[in-house]
Amino acid sequence: METRTLEPADLDAVYDLWNRAFGPSGRRDDAWALRAMGEGRFLGVGDGGRLVAVGHYHPFEQWWHGRAVPMGGVGGVCVAPEDRGR
């Protein structure tokens, strides 16, 4: 298995995983997903060329002692049903 940042060519596989993991949402926001991919905030795990897991993070800041510190909010993590538990 390999972990990598995702690219626009992975978009259909990402939505397929999301629909199988979370159920069909009926909406697809390609602009948001492509922006996250372009910023390197979308990660995937592949097994033999097949995408088996995805996740992304939202960039945030928190303030500590008067200065901003970067942080990330994790979201959209899913694993293909047939690959769970390995």
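So which residues in segment 55-67 are open to solvent by 40 Å² or more (accessible area, probe 1.4 Å) and either closer than 30 Å to Pro24 by Cα or touching a strand residue (DSSP E or B) at 6+ places or on another chain (Cβ under 8 Å) (or both), if there are any at all?
Selection gives Tyr57, His58, Pro59, Phe60, Glu61, Gln62, Trp63.
What is the residue count in segment 15-40 for residues that are not basic (Lys, Arg) and not in a loop (DSSP other than H, G, I, E, B)?
Count: 15.
Only one of (1) free of Cβ contacts under 8 Å to residues at least 24 places away in the same chain; (2) surrounded by 12 or more Cβ atoms within 10 Å (Cβ to Cβ) is not met by Cys78, so which one is it?
With respect to (1) free of Cβ contacts under 8 Å to residues at least 24 places away in the same chain; (2) surrounded by 12 or more Cβ atoms within 10 Å (Cβ to Cβ), Cys78 is out only on (1).
Regarding segment 3-13, can at least one residue be identified that is at positive phi and not in a strand (DSSP E or B)?
No, the conditions are met nowhere in segment 3-13.
Can you tell me which residue in segment 18-49 is least open to solvent (accessible area, probe 1.4 Å), limited to those that are among the aromatic types (Phe, Trp, Tyr) and without any contact (Cβ under 8 Å) to a residue 60 or more places away in the chain?
The qualifying residue least open to solvent (accessible area, probe 1.4 Å) is Phe42.
Mind telling me which of the residues Pro59, Pro70 ends up being within 16 Å of the chain's Cα centre (by Cα) and of a type outside the set (Asp, Glu)?
One residue alone meets the criteria, Pro59.
The values are calculated or read from the model by the stated rules, or taken from the named source; none is laboratory data. Keep in mind the model is a prediction, meaning the values are calculated, not measured. Methodologically, a virtual Cβ is constructed for each residue, glycine included, from the backbone with ideal geometry; neighbour enumeration extends over all protein chains shown. The area values use the complete protein model at the heavy-atom level, side chains included, leaving out ligands, DNA and RNA. Shrake-Rupley method; radii C 1.70, N 1.55, O 1.52, S 1.80 Å.
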